[in-house]
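Novice: Following this message is one structure expressed as C-alpha cells.
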Amino acid sequence: MTSTIRIRRLATSGLALAAVAALAVGCAGSGGDTPSGDASGAEISGSVIWADYGGPTNESRQIAYFDGFYDETGVEVVSTSIEDAIYNAMLAGDEGDYDVFQVAAADVLSYGDNLVEIPADSQGDLLDPSLQPYFVGGFFIGIAQGWLTETYPNGGPTDWADFFDTEKFPGKRAWPGAPGSYDQSFEIALLADGVAPEDLYPLDFERARAKLDELRGDMVFYQSYPEVQQLLTSGSAAIAVTVTGQYTALERAGEDVTIQWNQAFVNPNGFVIPKNASNTDAALALAAWMRDPENQAVFVERTLYGPVNEDVFDYLDADVASKVANSPDHDNVLYNDDQWRADNTADLVDNYTAWLAG
C-alpha cells in the first residue's frame, strides 16, 4: 500500500471517528446498553434483527461490521436465518420480524415503495442508481462454477457448455435445489445450449428446462450455500455452481480451488430496511457504519465479494482487488437484466419449482 493511501486511510479513520462520535451522542463513558444517537440525532437503542443466509459470509459481517457497531453504539445486531415467507411478506408491505434483510436487485426494483430510503452518504456509488437509495451493506457476488483444482489436474471446464459435458469432465455437479434459489440456473442452461449472452433475455424457459433435464441425473442438489463446501471436499460433487464466497471459504480452509470466471455472473446484492421495521433509526445508523470504507474493506478481504464503493479499493491489496467479483480484471463476466427479472419473478420461481419437482 502506498504512503498516499496510508495518509488517506488515517484521514478517513479520523472522519469515521468523528462520525461515530456524532452517532454516539451521550455514549462516552456509559455502558453498552445506554441509548446512543444516529447521524440525525435520533436516539438509538435495543437491537437490529438482521436476516441473511448465514455461513462464513455472516461470520465475516460480524467481524467487519457488527462487533464494532456494538462497541460504538451499544446496539446489538442479532443475526437470524432468512425465511422466504417473512421477507416476501415484508417486501409486500406486511408486518414481520426483520429490521434488515437480504435481497437481490430484482426485489428492490419490484418493491421499492415498501422500503426505507437511506441517506446519500450511506449509499454505494458503484451500484446502479436505481438501487443506491435502498441497499444497506451492498456487495457484488459472483455466481460461478468451481472445483478443487486436483479434480481436473489438466484443466477444467472453460465455459457453461463444458460444465454440461460430463464425458469430457466427469463427475457430479452440485446444483441449487431450493425453489427460491434459482440464481442463474436458466441463464446457465441457455448459455450451455448455445444462446449468445446478448440474446438471453427474455429467457426461453422451455428451452432452458429441456437443457437442465439433460444434466439432472448428474446433479447433486444442495439446500443451502454452505453445503457446497462439504459436497466438494467429500467428493460427492466434482464441480459446483454457487456463489463465489463458498469457494473463498474453502480456500481459507486450505483447499486449492479453481473458479472459472469466464461467463460467471456478477450481481449486486444487499440488504434493505422495510418500512415496517421496528428499529429503523438503529438500522439507518448501521447503514452508515457499513458504508465506512475501512469496515467494508475488511468484509471484502474476508469474502472476496466486491465492494459497492469505489474508495474501498484504496484499502485493498492489489492481489485481493484482482480476485473480487467486480474486479476490473474480470472482463469476461456477465450481468443480469435485473429489470426483466424483476418483472418476471413469479415466472422464474414457478418454472424452477416445476423443474425441481420433475
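Each reported figure results from applying straightforward, stated rules to the coordinates on display, with no laboratory input. What you see is a predicted model, and the numbers here were worked out from it, not measured in a lab. Backbone-built Cβ (ideal geometry, glycine too); neighbour counts: all protein chains shown.
Novice: Step through the residues of the range 260-272 one at a time and calculate ³J(HN,Hα) from phi using the Karplus curve (6.51 cos²θ - 1.76 cosθ + 1.60, θ = phi - 60°), rounding each to whole Hz and writing x for Gly and Pro.
Specialist: So the Karplus estimates, Gly and Pro as x, are 9, 7, 4, 6, 5, 9, 10, 10, x, 10, x, 10, 10 Hz.
Novice: According to the square roots a ≥ b ≥ c of the eigenvalues of the Cα gyration tensor, what is the shape class of the range 146-204, taking rounded for a/c under 1.5, prolate for a/b larger than b/c otherwise, and oblate for the remainder? Could you put the intermediate results ahead of the total?
Specialist: Details: a/c = 2.65, a/b = 1.50, b/c = 1.76.
Since a/c reaches 1.5 but b/c is at least a/b, the shape of the range 146-204 is classed as oblate.
Novice: Please compute the length gained on full extension between E83 and F221, using 0.36 nm multiplied by the number of residues separating them and subtracting their Cα-Cα distance. Spell out each step's value before the answer.
Specialist: On the way: separation 138, 0.36 × 138 = 49.68 nm, distance 1.92 nm.
Gain in length upon complete extension: 47.8 nm.
Novice: Which distance in nm do the two modelled labels at W340 and E294 give, with both placed 7 Å along the Cα-to-Cβ direction?
Specialist: 4.4 nm
Novice: Still on this structure: Of V257, S278, N267, which is farthest along the charge dipole of the range 250-306 in the positive direction, counting Lys and Arg as +1 and Asp and Glu as -1 at C-beta?
Specialist: It is S278, whose Cα lies furthest towards the positive end.
Novice: Pick from K168, K211, K323 the residue whose mean-square fluctuation is largest in a GNM of the chain, springs joining Cα atoms under 10 Å.
Specialist: In this elastic network of the chain, the residue with the biggest mean-square fluctuation among K168, K211, K323 is K168.
Novice: Taking the alpha-carbon distance from K168 and a cut-off under 19 Å, which lysines remain once sequence neighbours fewer than 8 residues away in the same chain are dropped?
Specialist: K211
Novice: Continuing with the same structure: Considering only Q339, Q296, Q123, give the residue with the highest GNM mean-square fluctuation for the chain, with springs between Cα atoms whenever their separation is below 10 Å.
Specialist: Q339
Novice: Could you give the angle, 0 to 90 degrees to the nearest 10, between helix 293-303's Cα long axis and the longest principal axis of the Cα atoms of the chain?
Specialist: Approximately 30 degrees, to the nearest 10.
Novice: Report ³J(HN,Hα) in whole Hz for each residue of the range 338-355, in order, from the Karplus equation J = 6.51 cos²θ - 1.76 cosθ + 1.60 where θ = phi - 60°; Gly and Pro get x.
Specialist: For the range 338-355, the Karplus curve yields 5, 5, 4, 5, 5, 6, 10, 4, 4, 5, 4, 5, 5, 5, 6, 4, 5, 5 Hz.
Novice: Amide H of G171 versus every other amide H placed in the peptide plane: which residues, excluding those fewer than 5 positions away on the same chain, fall under 5 Å?
Specialist: none
Novice: Report ³J(HN,Hα) in whole Hz for each residue of the range 154-169, in order, from the Karplus equation J = 6.51 cos²θ - 1.76 cosθ + 1.60 where θ = phi - 60°; Gly and Pro get x.
Specialist: 9, x, x, x, 10, 7, 6, 4, 5, 4, 7, 8, 7, 7, 6, 10
Novice: Using a Gaussian network model of the chain whose springs link C-alpha atoms within less than 10 Å, name the residue from F205, F140, F299 with the highest mean-square fluctuation.
Specialist: Checking each option, the largest mean-square fluctuation is seen for F205.
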